[in-house]
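Visitor: Quick one: the structure is below, questions incoming.
Just so it is clear, none of the values below were taken in a lab; they were calculated from the coordinates. None of the values given here were measured: they were computed from a predicted structure. Positions of Cβ are generated from backbone atoms using ideal geometry, with glycine treated the same way; all protein chains shown enter the neighbour counts.
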Amino acid sequence: MDAKVGVDLEEDLPDAVVIKGEDQIVHKHVKAQVNVDVWKGEEKGVREHYEAQVHVDDRSDDEANIHAEKVEDKCNTNLEDTSPMVDMHNKGVSPSNNTDRSIIVYENLHQMCPRDTPKNLLRCSLLIQTRSKNVVHLPLCPANRAWFKTIYTPDKWLTDEHIDSALYWIRKVKFESPTTQMENCTTTDVLFQQHLDARFQWFIKAEGLFFENDKLLEYCVGASPRLANPWIGVDKVYLPLNYESKHWVLAEIDFITRKITVYDHETYCIGPRKFERFMEPLSTLLLMLLQKIGFFSKRPEIEHGEDMTPWSVEGRELVPQQEKRDCGVFVIKFVEHLIHGESIDSVQADKVKYFRIYLCLNLWRSKIALW
Amino acid sequence: MSDPAVDPPNVKKEAQEEKKTPSEYMTLRVKDKDHNELVFMVRKATPLKKLMDAYCVRKNVELNTFVFLFHGRHLRPEQTPDEAGLGDGDEIDTFQHQLGG
């Protein structure tokens, strides 16, 4: 797969797709290692391909070391069939004096691929390299190819940015379709837990708990994260929680039944005692937070009194079995199902591959909507 | 007596330098979740990686331990302050980078 090829493709081609054609001219004077990215378009070869191309993810490679990159795409034939807008550009080879890389620009993906089967779309998005340093701008974070690759590659762990972006997308769907029937709920982001843990340390030391412009209270009044609802107006809040930077779980605060439910198949992995300690900040501080924002005075239907005992924390039984390493995807999928008022039983481990691809596509589309 | 004679040119020189490069540097305040603050002076055209690494070194932790956010948006190390829309005196929040699987 690796060959030393220098390719220079024209950069300013709006709404055009530049795909390397048949001509492959080997250039012997390329000093730096040039990665030849070959998308085989075959399911079988995909894994090996990524493993062989891991170094492409490296930032240093993305920035400087690669002078040119060639993309050969078998699916271009499909694309040509489906979309008349696809142009095939093929330009000669230049020496390695350029720092520009070959640019594959798929803009307006929706219009481009009228028959946008997930597979086709995914293939398009795989080849994306935008003009500015291979980075596309999602609402919450800039994302490069490696970022998307992490989502659709099986067994890869999701990071906080993935969870945040996915939850934002879920909130956005909810926000944009207020008429459809959904649960009256909202979500937080992954940073809520970190604020909470930090604050719990203060609480133990008996320092002042809240102060002006408190980030923690911003979550409760709906100012943060973006497109969240104030807690006063909702029945349920979903929180993604991270356990020691190795496991994602989903917690649900139910204001009506006054309960905290944890959706995690692997509760036993954490261990009952550790689990209790893990949930302690939330269960302890939640009531103080709610009192601070005057929750109970505005929601008289919730019987509270002056009871300050922490709400009970329960592990939800019969959570669908999940494979290891996919818990991030499951958390996102659980939130999606629960917000739409559907049972989470249909979230099964054998569909994870499909979930990952769809998540990737939806996040990719959220970028396009920005432009 | 010689000092005052020497000083004015120095002052002038410094003032000139400041004049020349008023827009080249900016101060950024990096705040962690416990509200401890570190102030960095950075060049506007330097990628933020330098600041991030310096912060991690200062905190005695491995690189990439933290995520850096500005107004809720994640900052990437290859961005420069200008590209990220940062201005003089802006506040960056840091959090632990979290993974899970």
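Visitor: Using the number of other C-beta atoms within 10 angstrom as an exposure proxy, rank A:Lys298, A:Lys215 with the fewest first.
Guide: The fewest-first ordering by Cβ neighbours comes to A:Lys298, A:Lys215.
Visitor: Order of B:Tyr25, A:Tyr219, A:Tyr152 from fewest to most other C-beta atoms within 10 Å?
Guide: If I rank by nearby Cβ atoms, fewest first, I get B:Tyr25, A:Tyr152, A:Tyr219.
Visitor: For every other residue with a beta carbon closer than 14 angstrom to the beta carbon of A:Ser177, add +1 if it is Lys or Arg and -1 if Asp or Glu, then tell me the sum.
Guide: Spelling it out: positives minus negatives among the neighbours equals 0.
Visitor: Taking R0 as 45 Å, what's the FRET efficiency between A:Gln291 and B:Ala54 from their Cβ-Cβ distance, rounded to 0.05?
Guide: My answer for the efficiency is 0.65.
Visitor: Modelling each spin label as a point 7 Å along the Cα-to-Cβ direction, I'd like the B:Tyr25/A:Glu303 distance in nm, to one decimal.
Guide: It works out to 6.5 nm between the two label points.
Visitor: With a point put 7 Å past each Cα toward its Cβ, work out how far A:His340 is from A:Thr257 in nm, to one decimal.
Guide: With each label point 7 Å from Cα toward Cβ, the separation is 2.2 nm.
Visitor: By how many nm would the segment from A:Ser312 to A:Ala349 lengthen if fully extended, with 0.36 nm per residue of separation less the alpha-carbon distance?
Guide: 10.4 nm
Visitor: Residues with amide H under 5 Å of B:Gly100's amide H, sequence separation 5 or more or different chain, H placed in the peptide plane at 1.01 Å from N; which?
Guide: A:Leu158
Visitor: For a footprinting-style exposure proxy, rank A:Thr159, A:Thr257 by other Cβ within 10 Å, fewest first.
Guide: A:Thr257, A:Thr159
Visitor: Non-local amide H neighbours of B:Val67 (under 5 Å, H modeled in plane, Pro and chain starts lacking H): which ones?
Guide: B:Phe95, B:Gln96, B:His97
Visitor: On to the next question. Quick check: pseudo-label points 7 Å beyond the Cα along Cα→Cβ at A:Glu276 and B:Val39, how many nm apart are they?
Guide: So the label points at A:Glu276 and B:Val39 sit 4.7 nm apart.
Visitor: Determine ³J(HN,Hα), in whole Hz, for all residues of region A:228-240 in sequence, where each value follows from phi through the Karplus function 6.51 cos²θ - 1.76 cosθ + 1.60 and θ = phi - 60°; x replaces Gly and Pro.
Guide: 7, 9, x, 5, 5, x, 10, 9, 9, 10, 9, 10, x
Visitor: Taking Cα centroids, how far is region A:164-188 from region B:18-89 in Å?
Guide: 32
Visitor: With only alpha-carbon atoms in the gyration tensor, what are the semi-axes of the equivalent ellipsoid for region A:234-284, in Å, largest first?
Guide: The three semi-axes for region A:234-284 are 20, 11, 10 Å.
Visitor: Additional query: Where does region B:58-101 land on the Kirkwood hydrodynamic radius, alpha-carbon pairs, in angstrom?
Guide: 11.7
Visitor: In 5 Å bins starting at zero, report the fraction of Cα pairs in region A:166-266 per bin as a rounded %.
Guide: All Cα pairs, binned at 5 Å, distribute as 2, 11, 19, 23, 21, 14, 6, 2, 1, 0 percent.
Visitor: Relative to 2.2 N^0.38 Å, what does the C-alpha radius of gyration of region A:194-347 come to as a ratio? Two decimals please.
Guide: Here the answer is 1.05, to two decimals.
Visitor: In region A:226-271, what GluC sites (Glu not before Pro) fall in a loop by DSSP, with at most 16 other Cβ atoms inside 10 Å?
Guide: Hits after loop and neighbour filter: A:Glu244, A:Glu266.
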